1. Taking the Cα atoms only, what angle lies between the long axis of helix 220-232 and the longest principal axis of the chain, rounded to 10 degrees?
2. Antiparallel DSSP bridges in the chain: what percent, to the nearest 5?
3. Could you state the angle between the C-alpha long axis of helix 335-360 and the longest principal axis of the C-alpha atoms of the chain, as a value from 0 to 90 degrees rounded to the nearest 10?
4. Evaluate E = 1/(1 + (r/R0)^6) for residue 354 and residue 164, where r is the Cβ-Cβ distance and R0 equals 35 Å; express this FRET efficiency to the nearest 0.05.
5. Under a crude label model (7 Å from the Cα following the beta-carbon direction), how far is residue 44 from residue 231 in nanometres?
6. Specify the residue with the greatest mean-square fluctuation among 115, 196, 52, computed from a Gaussian network of the chain linking alpha-carbon atoms under 10 Å apart.
7. Decide, for the range 262-358, between rounded, prolate and oblate: order the square roots of the alpha carbon gyration tensor eigenvalues as a ≥ b ≥ c, take rounded if a/c falls under 1.5, and otherwise choose prolate if a/b is larger than b/c, else oblate.
8. Among 295, 357, 51, determine the one that fluctuates most according to a GNM of the chain built with springs between C-alpha atoms less than 10 Å apart.
Ligand code: TRP
């Protein structure tokens, strides 16, 4: 097994999520609590860990104001792994959260991609338009670029001031303990991300309130940094931010889904025909060599990517997914038939989504007011 590595800058190998929970000091996500159990991502374990999520459950129950804050790295195509995060953002918005959404263009510039115009185009055409088509509403949504926080000078200053002045509260040893050897570009990106996470609580924004930050498991070092700094700036009365951690969506061929490998994902702009071809040809199968063997021994849903995709997002009905599992395991359902169930779900989704995406074009401006 390849040595697993999970850092904000690189993720590779086979990830042991239980080990991550221990290493990072997270709590396992067991919240089969109303209303989170209504959402397939929470119910089926795609959200696998948290810090201080109790505070968010309480805010939702008591109908108290809270913020959902997260950021996106504008690189590559928007695929179903990204959709998992988008669905959570929209779910929180429906629960009454004020949404803060940062385009991490300073981070991208300092660590990977220098072309600012291309970053902006990707952020809008890939990310924002898909978010809108998936149901993100402009009301109660503050969508901004790290490089251009706000036209309101008081607000903009508050955000950049926090990013600059947080440094006082950090020693070189702590930076090393959290990130290891780190370049100046990565460190400044980490600090702007700290400001992303904490600034909603500044007086120029919402003031102190519970904030939930849903992220991929690789982002936890930034959360630890933000929590430490929050505690060291008592003047701001920050409430420690809460966070939840997503599993990485498994790639079509098994292993990691990666924006740099188009055969590992299906993009929300792929045509239904492309999607079908990718699934039929590349989706890793837990089926047997021959039909006879498959009927006799049954398939292995645990390693079958089509089954995993159905389980994590495409078949939300608990009874139906159980039947698919049982039929596949017993050998009644063949690999090709299982793939066709997924193809049906994915192509229906894409057809509807792409129509909505066309309409989303007209709404983009409403989100670019920050
Ligand atoms: N670093 C994140 C990524 O690579 C993006 C990001 C920027 C972010 N600011 C954030 C995530 C604030 C959560 C909260 O995907």
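1. Compared with the principal axis, the helix lies near 30 degrees.
2. 40 percent
3. 40 degrees
4. E(calc), rounded to 0.05, equals 0.25.
5. If labels sit at residue 44 and residue 231, their model points lie 3.7 nm apart.
6. Most flexible of the set in this elastic network: 115.
7. prolate
8. 295
We did not get these values from a lab; they are worked out from the coordinates using the rules stated. The structure presented is a predicted model; accordingly, all values stated were derived computationally and were not measured. When we count neighbours, we look across all protein chains shown, and the Cβ atoms used for this are built from the backbone with ideal geometry, even at glycine.
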